[in-house]
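Q: Once you've had a glance at the structure underneath, I'll fire off some questions.
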Amino acid sequence: IWTEDDMTRFAEAAKKLDRLHVVDGLRLAAFTGLRRADLVTLEWAHVGETAIRKLALKSSRKRRHFVTVPIIAELRSLLEELRERPRGEGVETVLVNSYGLPWTGDGFGGSFNRVRDEADIVHFDEDTKERKRKHLHDVRGTFCTKLLTEGGISDQEAADIMGWSVAQVSSIRRIYVDDSSLISSIARRIAGGGG
């Protein structure tokens, strides 16, 4: 997953490189869990009152499925910001590049990776002890943890939203949510705040 620190450092690097428009995509990914292809092709027509509903570009078992993402408060606020971005005439995509035009997948991916590399966003593989770059698709895990911690939803509900198996969601809950909750509880007890 991407941590808050990762996202802050990414935004600082984007500002330094004069690529702040790339941060919009990172934030949208963190609040929707959408894949890159769906991020850059998301249009305002897909945004409803309570949810985003879009036919996913990636197929699963030779079928494309609808992605339905609940609009949480943070996402609603971001969407309001994104509506105000300067855009070319007739451009209906939620994300736009610095020219006010729709991103291509490769254009966004390349810009995203340049900013990520400038910010040195990495993780350490526990098994190999190697330093590896975090990727845009890792932000999907960030959204999943947000659903589990702030949304109070079941693993099955999160799996349905993410288009993942329940086992994948359970793994994220075990690694990133339950361990974090346990550590927070221990810290409160040590500090004398109870459990």
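Q: Looking at 169, 139, 177, which is the one that is open to solvent by less than 20 Å² (accessible area, probe 1.4 Å), in a helix (DSSP H, G or I) and touching a Phe, Trp or Tyr at 6+ places or on another chain (Cβ under 7 Å)?
A: None of the other options fit; the residue is 139.
Q: A follow-up question, please. I need the full set of residues from the stretch 40-76 which are within 20 Å of residue 3 (Cβ to Cβ) and either polar (S, T, N, Q) or open to solvent by less than 20 Å² (accessible area, probe 1.4 Å) (or both), in order please. Spell out the reasoning first.
A: So in the stretch 40-76, the residues within 20 Å of residue 3 (Cβ to Cβ) come out as 72, 74-75.
Residue satisfying the conditions is 75 alone.
Q: Scan the stretch 77-127 for residues that are small (Gly, Ala, Ser) and under 18 Å from residue 3 (Cβ atoms) and report the count. Give the derivation first.
A: Filtering the stretch 77-127 down to residues small (Gly, Ala, Ser) leaves 77, 88, 90, 98, 100, 105, 107, 109-111, 119.
Within this subset, residues satisfying the condition of being under 18 Å from residue 3 (Cβ atoms) are 119.
Counting residues in the stretch 77-127 that are small (Gly, Ala, Ser) and under 18 Å from residue 3 (Cβ atoms) gives 1.
Q: Next question. Within the stretch 61-102, work out how many residues are under 15 Å from residue 37 (Cβ atoms) and part of a loop (DSSP other than H, G, I, E, B).
A: Total meeting the criteria: 3.
Q: Hey, another quick one. Every residue in the stretch 103-121 that is open to solvent by 60 Å² or more (accessible area, probe 1.4 Å) and outside any helix (DSSP H, G or I), please.
A: 104, 120 - these are the residues of the stretch 103-121 that are open to solvent by 60 Å² or more (accessible area, probe 1.4 Å) and outside any helix (DSSP H, G or I).
Q: A further question on this structure: Across the stretch 80-96, which residue is surrounded by the most Cβ atoms within 10 Å (Cβ to Cβ) among those that are within 22 Å of residue 161 (Cα to Cα) and out of contact with any strand residue (DSSP E or B) (no Cβ under 6 Å at 6 or more places or on another chain)? Walk me through how you get there before you give the answer.
A: So in the stretch 80-96, the residues within 22 Å of residue 161 (Cα to Cα) come out as 93-95.
Retained after the next criterion (residues that are out of contact with any strand residue (DSSP E or B) (no Cβ under 6 Å at 6 or more places or on another chain)): 94-95.
Values: 94: 27, 95: 23.
In this case the residue turns out to be 94.
Q: Here is a further query. Residue check, residue 124 against (1) modelled with pLDDT of 80 or more; (2) within 19 Å of residue 30 (Cβ to Cβ); (3) surrounded by fewer than 19 Cβ atoms within 10 Å (Cβ to Cβ); (4) aromatic (Phe, Trp, Tyr), all met but one. Which one?
A: Of everything listed in (1) modelled with pLDDT of 80 or more; (2) within 19 Å of residue 30 (Cβ to Cβ); (3) surrounded by fewer than 19 Cβ atoms within 10 Å (Cβ to Cβ); (4) aromatic (Phe, Trp, Tyr), residue 124 misses just condition (2).
Q: Continuing with this model, one more query. Among the candidates 37, 29, single out the residue that is of a type outside the set (Phe, Trp, Tyr), surrounded by fewer than 18 Cβ atoms within 10 Å (Cβ to Cβ) and either in contact with an Asp or Glu (Cβ under 8 Å, 6 or more places away or on another chain) or in contact (Cβ under 8 Å) with a residue 12 or more places away in the chain (or both). Step through it out loud before you land on a result.
A: Working: 29 fails: surrounded by fewer than 18 Cβ atoms within 10 Å (Cβ to Cβ).
Only one candidate qualifies: 37.
Q: Shifting gears a bit: Tell me, which residue of the stretch 1-17 that is in contact (Cβ under 8 Å) with a residue 24 or more places away in the chain and of a type in the set (D, E, K, R) is most open to solvent (accessible area, probe 1.4 Å)?
A: 16
Q: Among the listed residues 119, 73, identify the single one that is modelled with pLDDT under 95 and either among the hydrophobic types (A, V, I, L, M, F, W, C) or within 14 Å of residue 22 (Cβ to Cβ) (or both). Quick ask: steps written out before the conclusion?
A: On the way: 119 fails: modelled with pLDDT under 95.
Of 119, 73, the one residue that is modelled with pLDDT under 95 and either among the hydrophobic types (A, V, I, L, M, F, W, C) or within 14 Å of residue 22 (Cβ to Cβ) (or both) is 73.
Q: Anything in the stretch 95-114 that is among the hydrophobic types (A, V, I, L, M, F, W, C), out of contact with any Phe, Trp or Tyr (no Cβ under 6 Å at 6 or more places or on another chain) and closer than 22 Å to residue 8 by Cα? List them, or say none. First the steps, then the outcome.
A: Looking only at the stretch 95-114, we keep the residues that are among the hydrophobic types (A, V, I, L, M, F, W, C), and these are 95-96, 101, 103, 108, 112.
If we keep only those that are out of contact with any Phe, Trp or Tyr (no Cβ under 6 Å at 6 or more places or on another chain) too, we end up with 96, 101, 103, 108, 112.
Of everything in the stretch 95-114, those that are among the hydrophobic types (A, V, I, L, M, F, W, C), out of contact with any Phe, Trp or Tyr (no Cβ under 6 Å at 6 or more places or on another chain) and closer than 22 Å to residue 8 by Cα turn out to be 96, 108, 112.
Q: Kindly indicate whether residue 58 is free of Cβ contacts under 8 Å to residues at least 60 places away in the same chain, in contact with a Gly (Cβ under 9 Å, 6 or more places away or on another chain) and outside any loop (DSSP other than H, G, I, E, B).
A: Numbers: free of Cβ contacts under 8 Å to residues at least 60 places away in the same chain: yes; in contact with a Gly (Cβ under 9 Å, 6 or more places away or on another chain): yes; outside any loop (DSSP other than H, G, I, E, B): yes.
So residue 58 passes the test.
Q: Does residue 157 satisfy being over 27 Å from residue 81 (Cβ atoms), acidic (Asp, Glu) and part of a loop (DSSP other than H, G, I, E, B)?
A: Working: over 27 Å from residue 81 (Cβ atoms): yes; acidic (Asp, Glu): yes; part of a loop (DSSP other than H, G, I, E, B): no.
So residue 157 does not fit the description; no.
The values are calculated or read from the model by the stated rules, or taken from the named source; none is laboratory data. Keep in mind the model is a prediction, meaning the values are calculated, not measured. In this analysis, Cβ positions are derived from the backbone assuming ideal geometry, glycine residues included, and neighbour counts consider all displayed protein chains. Ligands, DNA and RNA are stripped out before the accessible areas are found, and what is left, the full protein with its side chains, is counted by its heavy atoms. Shrake-Rupley method; radii C 1.70, N 1.55, O 1.52, S 1.80 Å.
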